[in-house]
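Trainee: Can you read through this structure? Questions will come right after.
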């Protein structure tokens, strides 16, 4: 059985780009005699990303090359949390007092008794989660969220995921009514009322080919950057074929 690894967020990226994946089937267009055109795309659309790797040294460089070797050209895969540089601000996400700062400037929160951790630090403020309010079957594309925080504030281009036990990233492509959205791509796994939606989706990726995720080259003083191409492994396939 193939192995499921985890990308270390601390390694950082200098680019995250959606590119055309290898697994879209039966897409194209039909042209009628009057010149009108009908574009279509069949089942099989998955996310494919180009990850830009920054220049690195020492432990970080060793970690990157070790992880890429472990992926073994697509034999194994890795969990990857998609952080959106253009994610909604704290104020847009419904955080009180966050109207003049980004997520790095919201500040820390102590425990309910006013005490911090033993090192003097408090809890870091992150984007809140919201509950799903209606069941949705796998391979469908309409979701419904509760009216709390950002649940009724999503718009075109916002990206979300679900938990618990759900691998997939979904981009809002239509607001049908407040809290009801059409997403790209179709749900990889069924969701139920009481599940949670998050602005930090977790997806499983693997190299598109043996040559799409090679370790960066070394030059005097540092390891060069570069980029790797990884494609999504959908949730049911992960659970069937991969293990920690």
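The values are calculated or read from the model by the stated rules, or taken from the named source; none is laboratory data. Just so it is clear, the structure is predicted and the values come from calculations on it, not from any experiment. For neighbour counting, all protein chains shown are included, and Cβ atoms are generated from backbone atoms with ideal geometry for every residue, glycine included.
Trainee: Which one is surrounded by the fewest Cβ atoms within 10 Å (Cβ to Cβ) among residues in the range 187-227 that are in contact with a helix residue (DSSP H, G or I) (Cβ under 7 Å, 6 or more places away or on another chain) and either closer than 21 Å to residue 134 by Cβ or modelled with pLDDT of 90 or more (or both)?
Mentor: In this case the residue turns out to be 189.
Trainee: Would you check which residues across the range 123-145 are over 26 Å from residue 46 (Cα atoms) and under 18 Å from the mean Cα position of the chain (by Cα) and list them?
Mentor: Of everything in the range 123-145, those that are over 26 Å from residue 46 (Cα atoms) and under 18 Å from the mean Cα position of the chain (by Cα) turn out to be 126, 128.
Trainee: Scan the range 149-179 for residues that are without any contact (Cβ under 8 Å) to a residue 24 or more places away in the chain and either over 15 Å from residue 197 (Cα atoms) or not in a loop (DSSP other than H, G, I, E, B) (or both) and jot them down.
Mentor: Those that are without any contact (Cβ under 8 Å) to a residue 24 or more places away in the chain and either over 15 Å from residue 197 (Cα atoms) or not in a loop (DSSP other than H, G, I, E, B) (or both): 156, 171, 172, 173, 174, 175, 177.
Trainee: Take residue 79 and decide whether it is under 30 Å from residue 1 (Cα atoms), loosely packed, with under 14 Cβ neighbours inside 10 Å and either at pLDDT 85 or above or more than 23 Å from the chain's Cα centre (by Cα) (or both).
Mentor: No.
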